[in-house]
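The values are calculated or read from the model by the stated rules, or taken from the named source; none is laboratory data. This structure is a prediction, so every number in the text was calculated from the model and none was measured. Cβ coordinates were reconstructed from backbone atoms using ideal geometry, including for glycine residues, and neighbour counts include every protein chain displayed. With ligands, DNA and RNA removed, areas are computed over all heavy atoms of the protein, side chains included. Shrake-Rupley method; radii C 1.70, N 1.55, O 1.52, S 1.80 Å.
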Amino acid sequence: SSDVCSSDLAAPCPPPSVIPAAVCLPPAAVLLSLEPMDIEVTSRKAEGVERRLGISIAASRVADAKERATRRVAGQVRLPGFRPGKAPAGVVRKKFADEIQQEALETLMREAYESVLESEKLEPVTQPHAHDVKFEDGQPLTFELHCEVKPVIELARLSGFKVKRTSSVVTDQMVTDQIAELRDQRATWTPVEEKPREADMVTVQLAVADETGVVPEGKEYRIVLGSGQAIAAIEEVIMELAPGGSIERPVKWPDDFPDAEQAGKSKLVRVALSDVKRKALPALDDALARELGDFDSLDALTTAVRGDLEAQALREADAAVRTALVDEIIGANQFDVPPTWVRELVSHYAEAYRIPAEEQEKFATEFRSMAERQVRRDLILETIAQREKLAAEEKDVDAKVAEMAAKRGADTGQVYAALQKAGRLRDIERGITEDRVFEFLLAQNTVEQA
């Protein structure tokens with residue numbers, strides 16, 4: 001038999017011309033009232049959070065469901081020679097057999113599904129699937145229900161762990177490097193009429209010979225020499241030229257070139273140099289500080305940069321402690337996670353990182369363990385938040401938004417509206433909750449200074 005994924009339970013499946021061996025579970029609708037004795041769970045299989053239940057619905061109820069479906073269809077269709085709703089049941093059954101079968105099937109399966117959820121005390125977290133469906137006249141309706149259920153998370157141990165907090169000292173050199181980066185962002189590029197050197201920006205026409213040795217029309221590239229934008233051998237050729245010059249020369253590709261088919265090969269390359277620009281950095285003085293922000297002097301800029309680096313180091317140390325503590329809790333409290341959740345998270349990241357279709361399978365393999373850890377982390381934090389009543393409420397989000405508005409000197413209502421439009425309010429709520437959960441966890445565990 002074939003396996004067909006179920007659709008969202010809130011949306012109907014289109015009626016097929018033939019009843020499949022595995023079908024969508026039907027939508028919520030006007031359902032038949034099945035007595036418990038009409039539904040039997042004939043088998044139960046559990047593996048992790050996956051459940052497989054064999055289900056049988058009595059033949060008498062199947063016949064009743066088909067009769068009800070026939071009457072409903074007969075009341076809606078128009079047939080030549082009959083007034084609306086007056087066509088004989090036999091004619092309707094024959095002409096609309098597939099539609100009647102599908103409606104009866106969906107109605108019975110949905111009702112059975114809801115009944116089994118209650119009787120088996122299942123909490124599904126993914127769309128259910130029905131497989132190996134047997135739906136024959138005069139026989140019980142049988143199928144196997146597949147679903148993933150919410151994992152049982154006991155979290156028996158949350159305390160007694162020791163994690164290390166790494167000290168990160170902001171050095172004078174780190175401050176100097178950060179200011180140098182800011183200064184570099186304000187650099188200007190001035191044309192020069194001489195051979196380029198490392199760190200110059202060049203505009204070149206590059207062309208590489210094909211397998212027959214023919215050099216095609218070149219393509220224009222803008223390259224900062226020494227930045228790794230072109231292989232070193234090509235940059236060496238560029239630096240032999242003055243603006244307006246051109247040259248053809250064999251160039252050997254590096255042995256460690258990412259494309260294995262090109263690595264180590266020599267190819268004829270044509271290079272034409274259009275122009276050369278040299279970077280000019282602004283003076284490192286009070287004027288630069290004022291240009292970079294609300295700073296009266298270079299000393300004020302330096303103080304602000306140091307403060308920013310120290311705050312960043314603190315955030316990174318906090319994040320590392322949280323990560324280490326979650327890893328300890330995960331190791332001490334094993335539980336299964338829904339595979340579908342892991343796959344969905346992998347898919348989300350593949351989309352966010354714009355992974356090409358041909359590389360997605362490799363990405364999924366490499367990223368799966370990280371995605372599973374993320375699912376476990378989120379489940380742990382959610383469980384603790386619910387158990388300890390630490391979840392953020394609407395008033396907490398409102399207070400946080402008001403605090404953000406005050407820091408910006410902005411209107412609270414406008415900030416709230418902007419965050420709401422950007423879909424950020426949920427992130428703020430989650431952040432407040434996580435801060436509370438980690439405050440709770442840190443109070444019960446030991447953080448040692450490394």
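Enumerate the lysines that K252 could reach by cross-link, defined here as Cα to Cα under 29 Å, with residues fewer than 8 away along the same chain left out. Cross-link targets: K195, K219, K265, K267, K277.
Evaluated with a Cβ-only charge set (Lys, Arg +1; Asp, Glu -1), the stretch 58-193 carries a dipole of roughly 780 debye about its Cα centre, given to the nearest 20.
Counting only protein heavy atoms, what percent of the accessible surface of the chain is carbon or sulfur at a 1.4 Å probe?
49
How far is the Cα center of the stretch 332-398 from the Cα center of the stretch 172-244, in Å? After rounding, the separation between the Cα centres reads 42 Å.
Normalised by the number of residues in the chain, the average gap of Cα pairs under 8 Å and 6 or more apart makes the relative contact order 15 percent. Computed over the stretch 353-405, the P(r) curve from all C-alpha pair distances, binned at 10 Å from the origin, holds 20, 24, 25, 22, 8 percent per bin. Helices that extend 27 Å or more along their long axis by alpha-carbon positions and average at least -1.0 on the Kyte-Doolittle scale are, among the DSSP H runs of the chain, 97-120, 298-332, 360-387. For the stretch 92-210, the relative contact order comes to 13 percent (Cα pairs under 8 Å, sequence separation of at least 6). Sorted largest first, the principal axis extents computed over the alpha-carbon atoms of the stretch 77-179 equal 95, 42, 22 Å. Springs between Cα atoms under 10 Å define the GNM used for the chain, and in it the highest mean-square fluctuation of V215, V169, V326 occurs at V215. Calculated accessible area for the stretch 147-262 comes out at 64 Å² per residue, all protein chains present (probe 1.4 Å; ligands, DNA, RNA ignored).
Suppose every Lys and Arg Cβ carries +1 and every Asp and Glu Cβ carries -1, with no other charges. What dipole size does the stretch 218-278 come out with about its Cα centre, to the nearest 20 debye?
220
Over all directions, the projected convex hull of the C-alpha atoms in the stretch 323-388 averages 5.1 nm² in area. Given R0 = 51 Å, the distance between the Cβ atoms of S297 and E388 translates into a calculated FRET efficiency of 0.55. Computed over protein heavy atoms with a 1.4 angstrom probe, the accessible surface ordering of D411, D200, D64, largest first, is D411, D64, D200.
Stokes-Einstein D for the stretch 225-344 at 10 °C, 1.306 mPa s, Kirkwood Rh over Cα pairs, in µm²/s?
75
Positive end of the dipole of the chain (Cβ unit charges, origin at the Cα centre): among S246, V326, Q386, the Cα lying farthest that way belongs to Q386. Note on the stretch 136-218: the alpha carbon radius of gyration divided by the globular reference 2.2 N^0.38 Å gives 2.84. Summing Cβ point charges (Lys, Arg +1; Asp, Glu -1) relative to the Cα centre of the stretch 131-227 gives a dipole of roughly 900 debye. Each principal axis of the chain carries a Cα extent, and these read 96, 69, 45 Å when sorted largest first. Accessible area per residue for the stretch 340-450 is 67 Å², calculated with a 1.4 Å probe on protein heavy atoms, without ligands, DNA or RNA.
In terms of accessible area, using a 1.4 Å probe and ignoring ligands and nucleic acids, K421, K164, K279 rank largest first as K421, K164, K279. Taking every DSSP helix (H) stretch of at least 4 residues in the chain, weighting each as -39,500 (n - 2.57) and dividing the sum by the residue count yields a mean residue ellipticity at 222 nm of -14500 deg cm²/dmol.
Binning the alpha carbon pair distances of the stretch 286-443 at 5 angstrom intervals from zero yields the distribution 1, 7, 11, 12, 14, 16, 15, 11, 8, 4, 2, 0, expressed in whole percent.
Evaluating kT/(6 pi eta Rh) at 20 °C and 1.002 mPa s, with the Kirkwood radius of the stretch 104-157 over Cα pairs in the Stokes-Einstein relation, gives 166 µm² s⁻¹.
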